[in-house]
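Heads up: the structure comes next, in structure tokens.
The values are calculated or read from the model by the stated rules, or taken from the named source; none is laboratory data. Keep in mind the model is a prediction, meaning the values are calculated, not measured. Counting neighbours? That spans all protein chains shown, and the Cβs are built from the backbone with ideal geometry, glycine included. The accessibility values were calculated without ligands, DNA or RNA, using every heavy atom of the protein model including side chains. Shrake-Rupley method; radii C 1.70, N 1.55, O 1.52, S 1.80 Å.
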Amino acid sequence: MDASIARALDCFTWLTSSVRSLVKQDRVAYLQGLASRVTLADVQRPKDLYAAVRRAFPGARAARRANFQALPAVLLADGTTALDPATRVLRWAEYFGEQEAGEAIELADYPQHFSSAQPDPSLGGPHFEIAALPTLQSVEQQILALPARKAVGPDGIAAELLHVSVVHSAAALYPVYLKTALGLREPAAWRGGNLICLAKRASSLMSCSAFRSILLESVPGKLWHRILRSQLTASFAGVCLDLQAGQLPGIGTDSVALAVRSYQQLTKRRGRRCGLVFYDVRAAFYMLLRQTLVPTTEQDATLLGLLDRLAPSAHTTALISDLLRGTWFRMDGAAALILTHRGGRPGDPLADILFAFSFSAYLRAAEQALASKGLSPPVPCARDTPFWQEWEPPQHIQFGAWADDFVNLRDALTGPGLCADIQASTGLITAHASAVGMTLTFAVDKTAALISSDCGRGADLGLRSDDTGQLGLDIHDPVMQAWHFLPVVDSYKHLGGIVTANGTAGTDLSFRFSKAQGALRPLYRRLFSAPDIPQKVRKLLLQALVISRFVFTAASQIFGAEIYKRQWCRMYVVLWRGLLRWSSAEATPHSYEVLRFAAATNPLLALAHMRAVFLRRLTRHGPATLIHLLKAHWAVDPVRSWLGHLHDDLRAVAVYVAPVQALLSAPCPVAAILESVVTDEHWWPRQIKLASSRFADRLEVWAGQRGRTMPSGIAPAPEPTEEDRPFACQWCTARFRLRKHLAAHAAKSHGILCPARHFTPTSTCQACLRMYHSVERACYHTKRSRECLLRLAHLMPPMTLAQIRLADAEEVQRRKKLKKGQWQAFEATTPAQPTFGPRRPTRAEMLLGLDEEDVTLDLLARTFRPKPSVLAWLNEYFDEASREGPRTSTAGYWLQPPSGAPSVSVSIVVSPFCE
Ligand SMILES: [Zn+2]
Ligand SMILES: [Zn+2]
């Protein structure tokens, strides 16, 4: 028996590994086939190419499109596995039916159920409004707009069929739509469809909660709902929150993300503490209460205010009422019909906008409740600016929302005040959610609070740790009489980007870069750098798959410090370098060479271009809150705010375009740009384009000169004189321009580290007893404090290299993770804290005031005396400390046009692709 189990296990392991290797082989074969086809393919059809590449690389697919195929098994409610297909289908129907308050009925009973179903469209009727009727033209337009290659509903009519002859299809369908609109009753077949289960993620199998459902509806039915949707969009603009993105054109997730970042940095600059509370609603689309949208016979008076604004006319409202009654679904392949009573029917073209109506009503109600309790976040004041005058400052800072995710921006003067504020406001919001039948899920990646790092994480904040050691706040929900644990996190993934407690851009940049590299690396050898594929094709694919997203997301980034912008520029060049191959680290192509080969513009101009596009959208569509936040941030921090970045863009363009140079000397160059967007919105993008083409010309000149001076390889930099490099290494002949370059060389080549690192074993400075939360920060402190470092030298011998490595191990690990894009590893750098306890005495202190007979050999053995050479080393270190001031040479690397003389290369020596 045991032997057979062992054999079975062995076979299983063998099967797993062989299936995996076969999958790998298959993929390699496909990619090679693809590469050979790309060679012949026409560049004119980039869409087909793009689709083919995506098929080859499933990881590059959008996160929401899962191609995971679950096993046909499911766990029942009691935890056992369903034994036959009938039980399985029943379980699915039960689970999804419960979400939408469904009841299983017989097909024959449907008419009877329908006649008593709510809401009643004839309520308040009769209804007739000419604008609510569809026109033949609108039907034709909607047919043309139907996306192809989508699954069909139970009637089997596909979009492709209607596309064959749009005129005939529209003429055939129009009578049905007209009858539906006049009779306030759509065909029963349009009221439902087949339900398909989609796995949310491949890791958790067989449990119903790991799946969500999508409704496959009749295409003509969808078409009708699309016509209704276009009628609703206009009235949604009236009720939509200022920072609610997703339904209206012009306001995307990047607007909301930028508002959050701006608010965070603005609050920090104003010396206040910032808290961001992110909310996640469980199965929000499925649990939508239809009574909140359309009038019903058992009408609640408080809901009426909302209803008036849903649709432009009572007739349209009645049409919406009609499509919300008698809705049904059927599990794919099952006979039983489930009649549903709530939910916006995800999969339907109307689902998102109906949900957005209801959701904005909820958010408004919650905001009013916050305001009545005095918990509305105050609007930061902004200096009067000469631009964007037409945008009124908002009454209060509203929620930022996208689909069913929303964020509440909070600030307070002190950390404890902030936590109390978050506790009170979240309690209120949770209660409101419960009251309208929504459930918030509390978890580190769902509903969680991000508290700025300057609050610290001390006991005064009133935070509690749960069983897993996660810090958080207890939230009381008075409606459900329940307590929830709101986790307090250091980093959060919000709308595709990473927000961190210290509000810097580094973690987000690493995350986005690692994602871009993840798309680049698997195809690097085979496709992007393959010399036998035309350069144009490769560039096109690289741009489409990798670069465009990376650059696009940077437009809504606030870099904060110059170092992050430099980091971004470096990443940009590294990504373009994916088109090239090189043999060794020394032969890494020069950044100019990379951009010249790729025919790409320089990173600052690419950034300026993306920001110009964003700016145009902002000026046209708002939102007003974001505009106000940007202005307010700019007022307190003219250099490092988003509007301040426009000034940087001006400088980058002015290098190549003379008229822009004149703009730079204007009293307020940022205002000049914004004015230009209003008067001629194409002027600024045109200047950037001009600058890009001049940059390309300069690159050619640079390449020509380089070719003349150096026929092969990389041109060596002119030999600097000794005065240029005053810092000489005492162990070899190397000389350096700056002291820190010498220190870096000594550490790398000779293993000689900065003295402070030899005396910092933990995150607490043993001399002044301050806790810095990380060895690196403690080291930074001792490096700059002569007093502390000398005292430490009197307490302990310098640590060996192995000991230093041990002390640093944890942080080195974390830095590596962050660099790889694992943002969860981020830890907030909270302010240094004093620790308690007596300081360790030095030898002099121990012997102070003792008579000679009191000084025993035992006591002497316990004291420590540093070697004179160590003290001399430390004193020399501090005496030679230089003050270098801010860097001026490298900050403007991309602000200098490429010149004939080869400048210092910014390329990173270590490339992930070097073999
Ligand atoms: Zn040396
Ligand atoms: Zn100290």
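Between the stretch 351-402 and the stretch 758-798, how many Å separate their Cα centres?
Cα centroid to Cα centroid, the span is 48 Å.
Amide H of Trp402 versus every other amide H placed in the peptide plane: which residues, excluding those fewer than 5 positions away on the same chain, fall under 5 Å?
Result for Trp402 returns Ala245.
Between Arg651 and Lys816, what is the spin-label point distance in nm, taking each point 7 Å from the Cα along the Cα→C-beta axis?
It is 3.7 nm.
Using a Cα-Cα cut-off of under 22 Å, which lysines could be cross-linked to Lys867, ignoring same-chain neighbours fewer than 8 residues away?
Output for Lys867: Lys783.
May I ask you to derive the relative contact order of the chain, considering only C-alpha pairs under 8 Å and at least 6 residues apart, and to give it as an integer percent?
Numbers: 1301 pairs, mean separation 110.1, N = 915.
That works out to 12 percent.
Applying the Karplus parametrisation 6.51 cos²θ - 1.76 cosθ + 1.60 with θ = phi - 60° to the phi angles of the stretch 125-139, what ³J(HN,Hα) value in whole Hz is obtained for each residue in order, glycine and proline being reported as x?
Whole-Hz 3J(HN,Hα) from phi for the stretch 125-139: x, x, 10, 8, 8, 4, 5, 7, 7, x, 10, 4, 5, 5, 5.
Compute the signed sum of charges (Lys and Arg +1, Asp and Glu -1) over the other residues within less than 10 Å, Cβ to Cβ, of Leu350. Present the calculation step by step, with values, prior to reporting the outcome.
Values: positive: Lys222, Arg226, Arg229, Arg345; negative: Asp348, Asp352.
Around Leu350, the surrounding residues sum to +2.
Distance check, please: which entries in Lys539/Lys689; Lys748/Lys816; Lys446/Lys493; Lys515/Lys748; Lys565/Lys820; Lys515/Lys539 exceed 21 angstrom between their Cα atoms?
Lys515/Lys748
Rounded to a whole number, what is D in µm²/s for the chain from Stokes-Einstein with the Kirkwood radius over alpha-carbon pairs (4 °C, 1.567 mPa s)? Numbers along the way, then the final one.
Numbers: Rh = 32.5 Å.
In µm²/s, the coefficient is 40.
Return the calculated 222 nm mean residue ellipticity for the chain, to the nearest 500 deg cm²/dmol, obtained by summing -39500 (n - 2.57) across DSSP H runs with n ≥ 4 and dividing by the residue count. Provide the component values of the computation, followed by the final result.
Working: 32 runs with 422 residues, N = 915.
The per-residue figure over the chain is -14500 deg cm²/dmol.
Read phi for every residue in the stretch 599-610 and hand back ³J(HN,Hα) as whole Hz from Karplus 6.51 cos²θ - 1.76 cosθ + 1.60, θ = phi - 60°, with x for Gly and Pro.
Coupling constants for the stretch 599-610: 6, 10, 7, 7, x, 5, 6, 4, 5, 4, 5, 5 Hz.
Loop-only check: which trypsin sites (Lys or Arg not before Pro) in the stretch 645-713 are DSSP coil with at most 16 other Cβ within 10 angstrom?
Numbers: sites: Arg651, Arg686, Lys689, Arg694, Arg698, Arg706, Arg708; in loops: none.
Nothing satisfies the criteria.
Please state the relative contact order of the stretch 506-708 as a whole percent: Cα pairs under 8 Å, 6+ residues apart? Display every interim value, and only then the final one.
Details: 178 pairs, mean separation 40.0, N = 203.
It rounds to 20 percent for the stretch 506-708.
Please list, in order along the stretch 83-95, the HN-Hα scalar couplings obtained from phi with the Karplus expression 6.51 cos²θ - 1.76 cosθ + 1.60 (θ = phi - 60°), rounded to whole Hz, x for Gly and Pro.
So the Karplus estimates, Gly and Pro as x, are 8, 9, x, 5, 5, 4, 4, 4, 5, 4, 4, 5, 5 Hz.
Hey, can you grab everything whose amide H is under 5 Å from the amide H of Asp411? Only 5+ residues off in sequence or another chain; H modelled, so Pro and N-termini drop out.
Gly275
Highest first, please rank the peptides 859-872, 395-408 by the mean number of other Cβ atoms sitting within 10 Å of their residues. Numbers along the way, then the final one.
Numbers: 859-872: 11.9, 395-408: 21.7.
Top to bottom by mean Cβ count within 10 Å: 395-408, 859-872.
If you filter the stretch 850-879 for GluC sites (Glu not before Pro), then keep DSSP loop positions with at most 13 other Cβ within 10 Å, what is left? Before the final figure, lay out the partial values.
Values: sites: Glu852, Glu853, Glu876; in loops: Glu852, Glu853.
Here the sparse-neighbourhood loop sites are Glu852, Glu853.
Beta carbons within 10 angstrom, averaged per residue: use that to sort the peptides 614-620, 736-742, highest first. Don't jump to the answer; show the numbers that get you there.
Details: 614-620: 18.3, 736-742: 15.4.
Taking the mean over residues of other Cβ atoms within 10 Å, the ranking is 614-620, 736-742.
Within 10 Å, count the other beta carbons around each residue, average over each peptide in 257-267, 565-575, 243-253, and list them highest first.
Packing proxy ranking, top to bottom: 257-267, 565-575, 243-253.
Rounded, prolate or oblate: which one fits the stretch 739-879, using the alpha carbon gyration tensor with axes a ≥ b ≥ c (rounded when a/c is under 1.5, else prolate when a/b beats b/c, else oblate)? Display every interim value, and only then the final one.
Values: a/c = 2.44, a/b = 1.65, b/c = 1.48.
Prolate is the answer for the stretch 739-879, as a/c is 1.5 or above and a/b outweighs b/c.
Please list, ordered by chain and number, the residues whose modelled amide H lies under 5 Å from the amide H of Ala151; skip anything fewer than 5 residues away on the same chain.
none
Percent of accessible area on the chain owned by carbon and sulfur, 1.4 Å probe? Walk me through the intermediate numbers first.
Details: 25750 of 45100 Å².
Carbon plus sulfur share of accessible area: 57 percent.
Just flag the trypsin sites (Lys or Arg not before Pro) in the stretch 336-376 sitting in loop per DSSP whose Cβ has no more than 16 other Cβ atoms within 10 Å.
Values: sites: Arg342, Arg364, Lys373; in loops: Arg342, Lys373.
In loop regions of the stretch 336-376 (DSSP not H, G, I, E or B), the sparsely surrounded trypsin sites (Lys or Arg not before Pro) are Lys373.
For the chain, what does the accessible surface come to per residue with a 1.4 Å probe? Please give it in Å². List each step's numbers first, then the result.
Details: 45100 Å² over 915 residues.
With all protein chains present, the chain gives 49 Å² per residue.
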